[in-house]
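A short worksheet on the structure shown next.
The values are calculated or read from the model by the stated rules, or taken from the named source; none is laboratory data. Note that the structure is predicted; figures quoted are calculated from it, not measured. Methodologically, a virtual Cβ is constructed for each residue, glycine included, from the backbone with ideal geometry; neighbour enumeration extends over all protein chains shown. The protein model used for the area step is the full one, side chains on, heavy atoms only, and it has no ligands, DNA or RNA in it. Shrake-Rupley method; radii C 1.70, N 1.55, O 1.52, S 1.80 Å.
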Amino acid sequence: MINPKPRVRFAPSPTGYLHVGGLRTALYNYLFAKNKGGEIILRIEDTDRSRYVEGAVENLIETLNWSGIKFDEGPETGGDYGPYFQSERLDFYHKYADELISKGKAYRCFCSPERLQKLREEQQKLKLPQIKYDKHCLNLTEEEVEAKLSAGEKYVVRLNVQPGQIVKIDDVIRGTVEFNTDNIDDQILIKSDGFPTYHLANVVDDHLMKITHVIRGEEWLSSTPKHILLYEFLGWEKPVFAHLPLLLNPDKSKLSKRQGDVAVEDYRKKGYLKEALINFVALLGWNAGDDQEFYQMDELIEKFSLERVNKAGAVFNIEKLNWLNGEHIRHKSVDELLPMLKEELKNSKYAENQYSDDYLKSVIEAMHERITFVRDIIEKSFYFFERPQNYDEKIVKKRWKEDTPGLLEKLMEEFGKLENPSKEDFEKAMRGLAESLGIGVGKLIHPVRLALSGVGQGPGIFDLIHILGKEETIERIKIALSKIKHSQEEN
RNA sequence: GGCGCGUUCGUCUAGCGGUUUAGGACGCCGCCCUCUCAAGGCGGAGAUCACGGGUUCGAAUCCCGUACGCGCUACCA
């Protein structure tokens, strides 16, 4: 009975940006579909005109594209089950709303917002266990309805819920969950502006688009019985439901803007790799049951299963994301990193400078294992892009001794003799000098590092020298010699 | 308030009745490697498995209750 090729959907509403929780929902849908050789559809749920945000759809699609989640059908790609904007599917919703009305499973309600408000307040005052619509308009005769209709009165369409019944949900993640219809309100299906609510639009579209599995956030679990009722009233086969645990703030509340970034584009701007974000978010609520933490998309597809999704919410912990970002950078080749570095350079203060690909590649090589973000190459090892403006006081104190200037003079002399030196040539020259002087090579290495970079840490000294080149190395040592001497004298 | 879901190291998690002195990862600390910083390797601290009852020869694992957290309770999704 289960379709061997599932069809799932990601159905965001365009209210601004793609939330990281949304990204994970989209991801799980994608992983599930691709693991089973199925299809994933992107559907835009734009039924709330008051929340419409200009450009949100474009932004959503752009961010989804960036993430590497590819949709088989949707606004961009098209497909046989369109249109993929709910605002363009109004006829469908009205058709089925009418069908429900004629079956007595739904009814028109002419109650004013004021009456509804008052009703709610009264029920609250009476401390009624549940606040529900009183089915007032269900008692209207056909003639009364006709009269109101022809008088042009505004109305909504409500689901006619019969109390005293048990609705069961078989959730892949949560097992069987039961609801008593006593607690279910006569949900509005069509708003007075003629647009459907989520509940109707969702069920109609999922059926029409032949969706087999509804994988969505836990916030929908409570309204699922309404959806099940709709499927039953319409005589449609229900999809399989899977309600995902929520993503949480460090204080365990639902992930929100106030406590950090929630928009995928924020993380993108900060320099997180899509591979790292995907990897991280995949692990928030799911694991394969082994010790693997590092995943590429294709491995996630291969190993993903809904059965292994957790029930409890997961705190979005930035530390682990940072680690994963570093891991994914380390797994990338220098050639893959090159265009990324160039892009970062374009947005840096070095945008006007020219660097050869070979130079940048050697810089990447040197910094590859020392960074969390590609941008770190520019920020942590700025000395590959400009001469140091000053020298770290602490390091000067620690490494710049009285005999240092003399030693560096000798070293420059040795380096000066080198013809087109390789990294090994520099090393041989420096170690040779140290040996002949009977000193530890550290007496040379540390001051040289300071002279070349201005700081006390970085790649191996011979890499640093070789990348900078003989001329620049000597020049920087000269500059340091004069500058650091000065500061010493001044003190 | 009502309904629903959840609860294992700070965080992400493994565990699906005995193999557990509860395993891994991030972070933290230490050691090794080493010219520094990383990366890597090794090790350490860190969880009375929310609490209380049961079931059982035996429970983190099954059942019930309590507490706490979260979600829903809109003409929002």
Legend entry - HN-Hα J in Hz across segment A:151-166 - Karplus 6.51, -1.76, 1.60, θ = phi - 60°, x for Gly and Pro: 7, x, 5, 6, 8, 10, 10, 10, 6, 9, 8, 8, x, x, 10, 9
Legend entry - Span per principal axis, largest first, for the Cα atoms of chain A (Å): 109, 49, 38
Legend entry - Value of relative contact order over segment A:11-158, rounded to a whole percent, pairs C-alpha under 8 Å and six or more apart: 21
Legend entry - Using distinct alpha-carbon pairs, which all enter the 1/r mean, Kirkwood radius of segment A:48-149 in Å: 18.1
Inset, instruction - State to the nearest 20 debye the size of the charge dipole of segment A:387-491 about its Cα centre, where the only charges are +1 on K and R beta carbons and -1 on D and E beta carbons. - result: 300
Legend entry - Isolated Cys residues of chain A, judged by Cβ distance under 4.7 Å to other cysteines: A:Cys111
Inset, instruction - Relative to the longest principal axis of the C-alpha atoms of chain A, give the angle of the C-alpha long axis of helix A:56-67, reported between 0 and 90° and rounded to the nearest 10°. - result: 50
Inset, instruction - At q = 0.10, 0.12, 0.20 Å⁻¹, what is the base-10 log of I(q)/I(0) for segment A:195-278 according to the Debye formula with one equal point scatterer per Cα and no solvent? Please give it to two decimals. - result: -0.39, -0.54, -0.94
Legend entry - Cα→Cβ-extended label distance, 7 Å offset, between A:Asp185 and A:Lys154, nm: 1.7
Inset, instruction - Sum -39500 (n - 2.57) across every DSSP H segment of at least 4 residues in chain A, then divide by the residue count to get the 222 nm mean residue ellipticity, nearest 500. - result: -14000 deg cm²/dmol
Legend entry - Sequence-distant residues sharing a close amide H with A:Lys254 (under 5 Å, placed H): A:Asn249
Legend entry - Segment A:Thr15-A:Glu379, extension gain: residue separation times 0.36 nm, minus the distance between their alpha carbons: 127.5 nm
Inset, instruction - Send over the Kirkwood Rh of segment A:24-83, from the inverse of the averaged 1/r over different Cα pairs, rounded to one decimal Å. - result: 12.6
Legend entry - For A:Glu39, distant residues with modelled amide H under 5 Å away: A:Arg7, A:Val8
Legend entry - Cα convex hull volume per residue for segment A:14-57 (Å³): 68
Legend entry - Simple label model, 7 Å out from Cα along Cβ direction - A:Asp72 to A:Lys478, nm: 6.8
Inset, instruction - Would you check the accessible area of A:Trp400, probe 1.4 Å, heavy atoms only, in square angstrom rounded to 10? - result: 20
Inset, instruction - Write down the accessible area per residue of chain A in Å², having rolled a 1.4 Å probe over the full set of protein chains. - result: 50
Legend entry - Net length gained if the chain between A:Tyr359 and A:Glu144 were fully extended (0.36 nm per residue, minus Cα distance): 69.1 nm
Inset, instruction - Whole Å is fine, so just give me how far the alpha carbon centre of segment A:257-299 lies from that of segment A:8-60. - result: 17
Inset, instruction - Report, in degrees rounded to the nearest 10, the 0 to 90 angle that the Cα long axis of helix A:198-208 makes with the longest principal axis of chain A. - result: 90
Inset, instruction - Mind pulling the angle between the C-alpha long axis of helix A:357-367 and the longest principal axis of chain A? Nearest 10 degrees, somewhere in 0 to 90. - result: 80
Inset, instruction - Calculate the spin-label point distance for A:Arg258 paired with A:His136, positioning each point 7 Å from the Cα along the beta-carbon direction, and give it in nanometres. - result: 3.5
Legend entry - Relative contact order computed over chain A (Cα-Cα under 8 Å; 6+ residues apart), in percent: 12
Inset, instruction - Once you have the Cα-Cα distance between A:Lys125 and A:Ser192, take 0.36 nm times their residue separation minus that, and quote the gain in nm to one decimal. - result: 21.3 nm
Legend entry - Efficiency of FRET between A:Gln292 and A:Lys210 - r from beta-carbon atoms, R0 30 angstrom, step 0.05: 0.30
Legend entry - Karplus-derived 3J(HN,Hα), 6.51/-1.76/1.60, for each residue of segment A:340-348, Hz, glycine and proline x: 5, 5, 4, 5, 5, 4, 4, 9, 10
Inset, instruction - Could you compute the FRET efficiency for A:Glu471 and A:Asn347, with r as their C-beta to C-beta distance and R0 at 25 Å, rounded to 0.05? - result: 0.30
Inset, instruction - In whole Hz, with x marking every Gly and Pro, tabulate ³J(HN,Hα) for segment A:426-435 from phi via Karplus 6.51 cos²θ - 1.76 cosθ + 1.60, θ = phi - 60°. - result: 4, 5, 4, 4, 5, 5, x, 4, 4, 5
Inset, instruction - Give the share of C-alpha pairs in each 10 angstrom bin for segment A:387-491, from 0 to the last occupied bin, in whole percents, shortest bins first. - result: 15, 53, 29, 3
Inset, instruction - Place +1 on the Cβ of every Lys and Arg and -1 on the Cβ of every Asp and Glu in segment A:168-276, take the dipole about the Cα centre, and give the residue among A:Gly235, A:Asn249, A:Gly217 whose Cα lies farthest towards its positive end. - result: A:Asn249
Legend entry - Farthest positive-ward along segment A:97-210 dipole, Cα basis, beta-carbon charges - from A:Leu189, A:Gln130, A:Val157: A:Gln130
Legend entry - Spherically averaged projected area of segment A:145-223 from its Cα convex hull (nm²): 6.9
Legend entry - Relative contact order (percent, whole number), segment A:387-491, Cα cutoff 8 Å, 6+ residue spacing: 37
